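A quick write-up on the structure given underneath.
The values are calculated or read from the model by the stated rules, or taken from the named source; none is laboratory data. From a predicted model like this one, the values you see are computed outputs, not experimental measurements. Virtual Cβ from ideal backbone geometry, glycine too; neighbours counted across all protein chains shown. What goes into the accessible areas is simple: the full protein's heavy atoms, side chains included, and nothing from ligands, DNA or RNA. Shrake-Rupley method; radii C 1.70, N 1.55, O 1.52, S 1.80 Å.
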Number of protein chains: 2
Amino acid sequence: MTEQSTSSGSAPHRADGDAWGPDREMFLRDFHHTTRFGATEAGGIDRQAGTAEHGQVRDWFEDRAEELGFTVTTDEIGNIFAVSRWVEGAPSVVVGSHLDSQPLGGRFDGTYGVVAALHAAAALDAAVAAGTLMPQVNVAVVDWFNEEGARFPPSIMGSSVYAGLLDADQTRQTRDPQGVTVEEALQSIGRRGDGPGPQAAAYAEIHIEQGRRLERAEVPIGIVERSWHTQKLLVSVVGEQSHTGATLMADRRDALVAASRAVIAVEDVVRHFEPESIVTSVGKFDVEPNSPIVVPRQVDLVVDLRADRRQDVERARELLLKEFADIAARSRVEISAEDFDVRPVQTFPEAGLDLAAKACRDVGVESLRLTTLAGHDSIPMNRIVPAVMLFVPSADGVSHCEREFTSDADLVTGLEVLTALVTRLVTGELDGVAPGGRLQEAEEA
Amino acid sequence: MTEQSTSSGSAPHRADGDAWGPDREMFLRDFHHTTRFGATEAGGIDRQAGTAEHGQVRDWFEDRAEELGFTVTTDEIGNIFAVSRWVEGAPSVVVGSHLDSQPLGGRFDGTYGVVAALHAAAALDAAVAAGTLMPQVNVAVVDWFNEEGARFPPSIMGSSVYAGLLDADQTRQTRDPQGVTVEEALQSIGRRGDGPGPQAAAYAEIHIEQGRRLERAEVPIGIVERSWHTQKLLVSVVGEQSHTGATLMADRRDALVAASRAVIAVEDVVRHFEPESIVTSVGKFDVEPNSPIVVPRQVDLVVDLRADRRQDVERARELLLKEFADIAARSRVEISAEDFDVRPVQTFPEAGLDLAAKACRDVGVESLRLTTLAGHDSIPMNRIVPAVMLFVPSADGVSHCEREFTSDADLVTGLEVLTALVTRLVTGELDGVAPGGRLQEAEEA
């Protein structure tokens with residue numbers, strides 16, 4: 001696999017084998033440089049959206065993009081665009097990902113896609129300058145704001161605002177747990193821009209897989225054909241606060257005991273489904289008042305349900321709501337659950353999948369069609385323009401943690417495929433293709 | 001019960017039926033006035049140690065004590081003492097409780113004991129001025145710092161430092177979850193004093209019962225004969241952080257699922273013991289990184305074990321450690337547990353129990369001997385001087401919550417008994433009595 005990654009293919013608009021292409025060494029130097037912003041001791045990064053560390057890596061991105069000849073703008077929700085100066089007034093093929101991370105997150109998730117997009121665009125820019133590439137549109141390298149959603153919910157915020165799925169004004173009023181708004185956080189890092197950003201003609205994104213399928217198959221590139229159906233449940237467990245020392249067990253209405261039973265119910269519900277067809281989790285779990293000698297009065301938790309098929313998520317949801325009602329009755333607490341962040345299965349356009357396969361052949365590497373369990377900025381973008389999403393392998397499939405890893409060779413292969421893909425996109429190969437969209441009900445059955 | 005509370009008895013040093021005694025109306029006015037500091041919408045208070053609201057009620061206490069003729073000092077850990085000017089150079093009978101609260105706590109817990117002590121002392125001061133009471137020592141009304149321990153562990157902090165069980169310098173370096181030290185919090189409310197405070201000759205405290213035994217028995221005063229054996233376990237559950245969307249169930253090492261099983265084990269362990277002989281709880285529970293789309297890597301939780309008998313706490317601890325090991329193996333996480341805040345059964349001196357019963361007879365009310373499941377400032381004080389602890393009834397037995405309630409009539413009865421008790425203490429009726437202490441091993445069997 002790694003041998004193939006250094007082979008060169010025949011991109012359709014490439015003049016010859018060595019005339020132009022991404023600068024692999026410069027790309028690797030830049031990518032590894034970004035890992036210094038918010039670096040953690042165990043080799044990860046901690047760059048939650050709107051923090052000082054996040055602001056620093058974004059300033060670096062702006063400086064680097066300007067050095068490479070792009071015009072940098074920031075939109076009303078803090079997305080940063082580095083746009084080429086090729087075709088005055090034309091829309092852009094938007095290419096990128098995000099520079100924010102989870103707390104103690106990995107250094108590849110998101111950041112790889114932004115730095116790869118920048119170097120793909122730089123390679124094209126050199127070709128345009130040399131007269132070997134004749135683009136019909138511009139390229140815009142994007143760093144979306146707050147893909148991770150760890151500090152400000154929901155995740156995939158910046159691209160959802162850009163795509164018109166979230167309102168910009170309302171979204172800027174979202175608060176983090178300390179009460180800081182998105183508006184304030186953006187101002188604190190100098191990224192409260194104006195206006196909607198450049199107009200998009202198409203979208204491309206490369207990302208680490210965050211799964212083991214490429215690694216198992218020993219294939220360097222995944223082409224994403226659809227996303228999983230996902231939703232969250234905002235669950236609130238309300239009991240009664242009392243003294244741990246002075247309240248007899250029979251007199252208690254302990255919200256934490258009931259919430260713990262709910263967490264176990266969320267894990268256990270997967271036994272009703274086929275292995276690997278569904279994942280269920282509780283990641284956020286807040287106890288009130290959270291004092292060592294007080295029986296908790298309330299727990300707020302977020303359940304995350306994801307499956308390849310919509311009806312599996314819906315059935316898991318039904319089973320859990322019934323189980324929560326049983327727990328509430330048994331523990332003498334109240335449990336409420338609210339649907340949140342429901343994201344139906346989205347399919348990427350077939351023409352985009354074919355184009356991505358051609359780009360792999362340009363570079364001379366194998367590819368595999370995959371689904372994505374995780375959400376990505378490509379999903380809202382796919383609602384407004386044809387979008388293409390590529391994956392590179394993740395060691396052991398792990399992500400959102402400090403030991404997330406992808407080899408330099410795999411990173412470079414991905415960069416080369418992305419460059420070939422964007423080359424095809426800026427010359428209009430997806431012109432007239434409709435955006436992707438929600439799978440029809442009939443197809444889901 | 002409430003009729004009796006307004007009857008007057010014959011305190012031994014009281015000149016006659018109407019010559020002196022606590023001013024019930026002024027006491028009630030002052031007590032209810034304190035509920036305005038940190039008042040919550042649902043009728044409780046929120047005055048965690050060292051917060052602005054806590055500082056305000058303490059400033060009120062200082063002003064009120066000075067108006068009533070006492071000299072106010074603050075010691076090295078922020079305990080406030082209001083000392084009488086009766087006998088130059090003599091030690092003091094210390095009487096009081098604490099003005100801090102749990103988050104969304106009740107308005108009676110602690111505050112009642114401080115305001116009652118102030119008015120008992122004021123009544124004695126009037127009698128001394130009138131020449132009808134001849135004290136051998138002074139009285140010092142105390143507001144102990146941080147009895148609740150909700151913000152800074154451990155609870156019962158100020159009285160433990162005063163009693164020499166905790167080191168003052170080290171304790172002032174304790175941090176809250178935001179990293180603020182006790183030192184900084186004390187300075188922020190102007191309560192970083194110097195020195196050890198006045199010397200104690202004896203200690204008395206009145207507090208709400210936080211249980212239902214007085215209510216069930218319809219008796220207005222409880223006399224505490226001993227505390228329960230208590231301990232905490234600091235438990236850390238360490239798994240691996242990963243992506244909720246992209247990590248298959250079989251690949252997870254979810255710290256929250258394992259910690260939830262631990263919470264349920266803590267509740268279930270009581271089935272091995274007689275009903276009402278043990279209470280077990282988890283009140284503090286912190287999830288890391290606590291993001292909706294991240295499988296948690298770590299949960300830190302505090303287990304609270306309390307029983308009338310030491311060996312029951314120790315057996316519960318053994319059963320839980322074994323259960324935690326099973327959970328760790330099954331969930332592929334690591335679970336460590338550290339003993340913390342172990343407080344053996346403490347007995348109050350028999351002579352003090354008898355004196356409290358006499359004080360009840362002085363006032364003409366019934367009393368009942370009880371144990372305390374909860375910790376109180378009287379417990380460390382009982383290690384250095386003879387201490388006497390009184391309870392008044394709690395409606396429904398609830399506490400550490402906003403609906404904590406004791407009637408005005410019961411509050412006044414308690415005030416009158418406390419006044420009679422302190423009258424006996426300042427005239428030397430416990431002279432020569434040894435402090436209380438740990439129950440001997442042989443007696444515990």
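The residues of segment B:289-337 listed by number as losing at least 10 Å² of accessible area in the complex, against the isolated chain and with a 1.4 Å probe, are B:Pro289, B:Asn290, B:Ser291, B:Pro292, B:Ile293, B:Val294, B:Pro296, B:Arg297, B:Val302, B:Asp304, B:Arg306. Buried surface for the A/B pair, taken as the accessible area of each chain alone minus that of the pair with a 1.4 Å probe, is close to 5400 Å² in total. The mean accessible area for residues of segment B:229-343, using a 1.4 Å probe and ignoring ligands and nucleic acids, is 36 Å² per residue. Of all DSSP bridge pairs formed entirely within the protein assembly as shown, close to 65 percent run antiparallel. Of the beta bridges in chain A, as assigned by DSSP with both residues counted there, near 65 percent are antiparallel. Once the C-beta distance of B:Asp339 and A:Met26 is scaled by a Förster radius of 56 Å, the resulting FRET efficiency is 0.50 to the nearest 0.05. Look at the alpha carbon pairs under 8 Å that are at least 6 residues apart: their mean separation over the length of segment A:303-445 gives a relative contact order of 34 percent. Summary for A:Arg369: label point 7 Å along Cα→Cβ; distances to the equivalent points in the other copies, ascending, 8.3 nm. Rounded to the nearest 500, the helix-only mean residue ellipticity at 222 nm of the protein assembly as shown stands at -10500 deg cm²/dmol, with each DSSP H run of n ≥ 4 adding -39,500 (n - 2.57).
Within 10 Å of the Cβ of each residue in B:409-418, the mean number of Cβ atoms contributed by other protein chains is 0. Springs join every pair of Cα atoms under 10 Å in this Gaussian network model of chain A, and among A:Arg310, A:Arg58, A:Arg332 the largest mean-square fluctuation is at A:Arg332.
Compared with the dominant principal axis of the Cα atoms in chain B, helix B:310-331 is inclined by about 20°.
Each label point was placed 7 Å from the Cα along the Cα-to-Cβ direction; for B:Glu41 and A:Asp431 their separation is 6.0 nm. Residue and whole-Å distance for the chain A Cβ lying nearest the axis of the A-onto-B rotation are A:Ser260, 2. For A:Ser407, the distances from its label point to the matching points in the remaining copies are 8.1 nm, ordered from shortest, with each point set 7 Å beyond Cα toward Cβ. Separation of segment A:222-246 from segment A:372-404 is 22 Å, based on Cα centroids.
Pairs of C-alpha atoms in segment B:229-343 farther apart than 22 Å represent 34 percent of all such pairs. Semi-axes of the equivalent ellipsoid of the protein assembly as shown are 67, 27, 21 Å, computed as sqrt(5λ) over the eigenvalues of the C-alpha gyration tensor in descending order. Across all directions, the average flat footprint of the convex hull enclosing the Cα atoms of chain A is 21.7 nm². Relative to the longest principal axis of the Cα atoms of chain B, the long axis of helix B:111-130 lies at roughly 20 degrees.
For segment B:26-144, the per residue solvent-accessible surface stands at 30 Å², with DNA, RNA and ligands left out and a 1.4 Å probe. With contacts taken as Cα pairs under 8 Å and at least 6 residues apart, chain B reaches a relative contact order of 24 percent. Percent of C-alpha pairs per 5 Å bin in segment A:293-437, short distances first: 2, 7, 13, 15, 14, 13, 11, 8, 6, 5, 4, 2, 1, 0.
Remark: label point of B:Ala434 defined 7 Å out from Cα along the Cα-Cβ vector; separations to the same position in other copies 9.2 nm, ascending.
Residue-wise HN-Hα couplings along segment A:242-249, as the Karplus relation 6.51 cos²θ - 1.76 cosθ + 1.60 with θ = phi - 60° gives them from phi, are 7, 8, 4, x, 10, 10, 4, 4 Hz; Gly and Pro carry x.
Look at the stretch A:92-105: the mean tally of other chain Cβ atoms within 10 Å of its residues' Cβ atoms is 2. The fraction of accessible area contributed by carbon and sulfur in segment A:229-343 is 47 percent, rounded to a whole number (1.4 Å probe; ligands and nucleic acids excluded).
Stokes-Einstein at 25 °C, 0.890 mPa s, Kirkwood radius from Cα pairs: D for segment A:63-176 in µm² s⁻¹? Rounded to a whole number, D works out at 164 µm²/s. As a length-normalised measure over Cα pairs under 8 Å and 6 or more apart, the relative contact order of segment A:229-343 settles at 45 percent. For the protein assembly as shown, the dipole from Cβ point charges (+1 on Lys and Arg, -1 on Asp and Glu) about the Cα centre works out to 940 debye, to the nearest 20. Between helix B:350-363 and chain B there is an angle of about 60 degrees, using the helix long axis and the longest principal axis of the Cα atoms. Modelled label positions at A:Ser407 and B:Glu184, each set 7 Å beyond Cα in the direction of Cβ, lie 4.8 nm from each other. Summed over all non-identical Cα pairs, the Kirkwood treatment of segment B:138-179 gives a radius of 11.0 Å. Computed over chain A with a Gaussian network model linking Cα atoms closer than 10 Å, the most mobile of A:Phe273, A:Phe70, A:Phe324 is A:Phe273.
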